[in-house]
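**Q** I'd like to ask you about the structure that follows.
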Amino acid sequence: MVRFKLKDAVFILPRYAHLYPGHSAVVTGVTPDPFRPIFNEYSLEFPDRSSARLFEFQIIEDVPNYTTFVASLVFDSGEEPATAGARGVHPDRQIILQTPRFDLDVRIQMTNSRASTMGQVLERGTKNLLKHFEVRLMKGSTLITATMSDSHGVFTFGDTPHGSLNILAVIPQHSSRILGAFTI
């Protein structure tokens with residue numbers, strides 16, 4: 001099954017975007033893989049009129065009239081040196097993904113094979129709580145699960161797999177999306 005059709009706007013995941021002239025493109029051709037949909041191949045055209053061929057696992061939908069901010073990992077407590085004199089490893093981990101406008105603060109509680117994730121999106125320079133927005137957790141471009149933030153802007157994923165993950169927060173009140181990557 002083909003996920004994108006001709007003239008669809010797509011967004012290249014940050015892991016691959018540095019190889020191309022931009023993050024956004026339009027589908028100009030489709031070559032389906034009948035056995036592995038993740039390898040459906042898409043011909044794309046970028047705003048500068050250049051083109052490239054990408055696979056389905058490298059792209060997600062681009063929403064018209066929304067700005068997609070690619071978040072940078074600015075803090076990971078799992079990368080911090082251990083506290084002197086402390087014994088054992090703390091089961092909680094905090095990461096902060098940052099864009100010029102938003103901070104995505106995530107706390108990860110880990111076990112041997114799984115984790116639970118809780119987070120909140122903060123708009124920098126304000127005291128406004130961003131609330132009632134969708135958050136998607138993805139492995140590459142494949143959706144694992146999605147949830148809505150509550151009235152305090154908190155979202156949770158009770159069962160988060162280990163590995164490289166993408167997180168996408170869709171904030172309609174700002175016509176914005178925040179896309180970040182982290183590893184558990």
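The values are calculated or read from the model by the stated rules, or taken from the named source; none is laboratory data. In this text, all values refer to a predicted model and were calculated from it rather than measured experimentally. Note that each Cβ is placed from the backbone with ideal geometry, even for glycine, and that neighbours are counted across all protein chains shown. In case anyone asks, the SASA skips ligands and DNA or RNA and just uses the protein heavy atoms, side chains included. Shrake-Rupley method; radii C 1.70, N 1.55, O 1.52, S 1.80 Å.
**Q** Within region 43-58, can you find the residues that are farther than 11 Å from Thr31 by Cβ and either small (Gly, Ala, Ser) or in a helix (DSSP H, G or I) (or both)?
**A** Ser50, Ser51, Ala52, Phe57, Gln58
**Q** When the residues of region 107-152 are filtered to those that are in contact with a Gly (Cβ under 7 Å, 6 or more places away or on another chain) and outside any strand (DSSP E or B), which remaining residue is surrounded by the most Cβ atoms within 10 Å (Cβ to Cβ)?
**A** If we take residues in region 107-152 being in contact with a Gly (Cβ under 7 Å, 6 or more places away or on another chain) and outside any strand (DSSP E or B), then Leu130 is surrounded by the most Cβ atoms within 10 Å (Cβ to Cβ).
**Q** Also, quick follow-up: Could you check, for region 26-43, whether at least one of its residues is without any contact (Cβ under 8 Å) to a residue 40 or more places away in the chain and under 17 Å from Tyr66 (Cβ atoms)?
**A** Going through region 26-43, the residues without any contact (Cβ under 8 Å) to a residue 40 or more places away in the chain turn out to be 26-37, 39-43.
Those still in the list that are under 17 Å from Tyr66 (Cβ atoms) too: 26.
Yes, the conditions are met somewhere in region 26-43.
**Q** Next question. For region 153-165, name all the residues that are under 11 Å from the mean Cα position of the chain (by Cα) and open to solvent by 20 Å² or more (accessible area, probe 1.4 Å). Even if it seems obvious, please write down each step before you answer.
**A** First pass over region 153-165, keeping only residues under 11 Å from the mean Cα position of the chain (by Cα): 164-165.
Selection gives Ser164 alone.
**Q** Out of (1) out of contact with any Gly (no Cβ under 6 Å at 6 or more places or on another chain); (2) at pLDDT 95 or above, what's the single condition that is false for Phe57?
**A** Against the list (1) out of contact with any Gly (no Cβ under 6 Å at 6 or more places or on another chain); (2) at pLDDT 95 or above, Phe57 comes up short only on (1).
**Q** Could I ask something else about it? Just a yes or no: is a residue in region 10-21 modelled with pLDDT under 95, open to solvent by less than 20 Å² (accessible area, probe 1.4 Å) and either at negative phi or not in a loop (DSSP other than H, G, I, E, B) (or both)?
**A** So far as region 10-21 goes, yes, one or more of its residues are modelled with pLDDT under 95, open to solvent by less than 20 Å² (accessible area, probe 1.4 Å) and either at negative phi or not in a loop (DSSP other than H, G, I, E, B) (or both).
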